[in-house]
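The values are calculated or read from the model by the stated rules, or taken from the named source; none is laboratory data. All values reported here derive from a predicted model rather than from experimental measurement. Please note: Cβ atoms are built from the backbone with ideal geometry, for glycine as well, and neighbour counts cover all protein chains shown. For the accessible areas, the whole protein counts, side chains as well, though only heavy atoms, and no ligand, DNA or RNA atoms are used. Shrake-Rupley method; radii C 1.70, N 1.55, O 1.52, S 1.80 Å.
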Amino acid sequence: MRSDIQHTVERPITVEGIGVHTGKPAAITIRPAGAGVGVKFIRSDLEPGISIPARYDSVCGTDLCTAIGDGSGASVSTIEHLMSALAGLGVDNAIVEVDGAETPIMDGSASGFVEAIEEAGLAELPAPRRFVKVLKKVRVESGASFAELSPCGRGLKLDVEVHFDCEVIGRQRSRFDLTRDAYLREVARARTFGFIRDVERLWKAGMALGASLDNTIAIGDQRVLNPEGLRYRDEFVRHKTLDAVGDLALAGLPLIGAFRSYRGGHRLNVGVLQALFADKSA
């Protein structure tokens with residue numbers, strides 16, 4: 001696969017599941033798109049179909065997931081795992097038709113989307129690949145948490161660290177260079193996670209209604225409750241890295257830079273992109 005030209009999917013592919021927050025059936029169809037289109041989401045359940053570009057300036061929510069909207073109330077949430085798969089596999093352009101307000105959670109990782117994209121295949125487009133290059137450090141903070149982007153020679157380097165007051169997770173750190181092979185090997189299968197103690201609060205807020213042991217690593221009484229255990233010893237920080245890949249894809253073009261976060265999440269991931277584009281010298 002050439003890294004200097006743009007790619008899209010070879011043919012349409014449909015993925016079905018449930019929304020992790022709505023608990024309702026959810027389906028997407030990933031369709032080919034021309035060079036320079038980028039990734040756009042279309043709400044096929046609305047008339048006429050609402051088109052929302054997958055960009056940092058379309059983000060309308062970062063509470064437990066990343067959501068984008070068109071400014072008129074139409075939105076699509078939980079896009080980060082799909083965006084991560086597209087970025088990890090080198091898909092520059094695609095139209096994503098969504099039949100509701102949320103993408104399917106699948107197994108809580110990006111692997112379901114990866115399998116679909118690989119089944120569809122990739123097609124080369126007659127246009128050079130374009131990039132966003134970080135020229136100077138930008139940083140956003142929230143208490144002890146932070147996220148920053150810095151210059152680097154080539155590609156996207158990620159350094160993600162989590163720190164939970166929980167024996168199951170504790171402090172974990174992942175350093176990762178984004179390439180297709182490394183993404184598939186080290187990140188794509190890492191699942192989202194949550195604490196049983198938070199479930200009732202989330203349900204009352206109308207969130208996590210579709211969460212289950214089939215799509216979430218559940219932590220309770222200082223242990224993992226999923227019968228199969230973990231896929232990686234440090235699956236928690238790997239999933240945070242998966243999320244960061246998806247959120248940073250909202251730059252609209254592949255990044256050339258180094259990303260570092262400590263106790264970060266969707267809000268800081270998107271925030272550092274906003275800070276980058278707010279400073280033209282960066």
Which FRET efficiency value, to the nearest 0.05, do you get for GLU16 and ARG201 by plugging their Cβ-Cβ distance into 1/(1 + (r/R0)^6) with R0 = 25 Å? 0.30
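Among 262-269, 135-142, 57-64, 226-233, how do they line up by average Cβ neighbours within 10 Å per residue, starting with the highest? List each step's numbers first, then the result.
Values: 262-269: 21.5, 135-142: 15.5, 57-64: 17.0, 226-233: 12.1.
Output ranking for 262-269, 135-142, 57-64, 226-233: 262-269, 57-64, 135-142, 226-233.
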Measuring from centroid to centroid over Cα atoms, what is the spacing of the stretch 254-282 and the stretch 87-133 in Å? 21 Å
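Can you give the calculated 222 nm mean residue ellipticity of the chain, where each DSSP H run of n ≥ 4 adds -39,500 (n - 2.57) and the sum is split over every residue, rounded to the nearest 500 deg cm²/dmol? Spell out each step's value before the answer.
Values: 6 runs with 60 residues, N = 282.
After summing the helix terms and dividing by residue count, I get -6000 deg cm²/dmol.
Provide the gained length on full extension for the span ARG173 to ASP45, in nm with one decimal, where the gain is 0.36 nm per separating residue minus the Cα-Cα distance. Numbers along the way, then the final one.
On the way: separation 128, 0.36 × 128 = 46.08 nm, distance 4.06 nm.
That pair, ARG173 and ASP45, stretches by 42.0 nm at full extension.
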Using Cα springs under 10 Å in a Gaussian network model of the chain, which residue among ALA35, ALA85, ALA249 shows the largest mean-square fluctuation? ALA35
Between ARG130 and LYS280, what is 0.36 nm times their sequence separation minus the Cα-Cα distance? Round to one decimal in nm. 52.3 nm
Taking a label point 7 Å from the Cα of ASP4 along the Cα→Cβ vector, which residues of the stretch 72-92 have an amide N closer than 19 Å to it? 90-92
Which value, in debye to the nearest 20, gives the size of the charge dipole of the chain about its Cα centre, when Lys and Arg are +1 and Asp and Glu are -1 at the Cβ? 1020 debye
Given R₀ = 35 Å, FRET efficiency for HIS163-ALA27 by Cβ-Cβ distance, to 0.05? 0.45
With springs connecting C-alpha atoms under 10 Å apart, model the chain as a Gaussian network and identify which of ALA127, ALA208, ALA218 has the largest mean-square fluctuation. ALA127
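Residues of the chain: accessible area per residue at 1.4 Å, in Å²? Write out the running numbers ahead of the final one.
On the way: 12770 Å² over 282 residues.
On a per-residue basis, 45 Å².
Within the accessible area of the chain, what % is carbon and sulfur when the probe is 1.4 Å and the other protein chains stay in place?
Carbon and sulfur together cover 49 percent of it.
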What shape does the chain have by the C-alpha gyration tensor, where a ≥ b ≥ c are the square roots of the eigenvalues, rounded means a/c under 1.5, and otherwise prolate means a/b greater than b/c and oblate the rest? rounded
I'd like the distance separating the alpha-carbon centroids of the stretch 1-23 and the stretch 200-224, in whole Å. 26 Å
Largest fluctuation, GLY34, GLY88, GLY69 only, Gaussian network model of the chain with Cα springs under 10 angstrom, belongs to GLY34
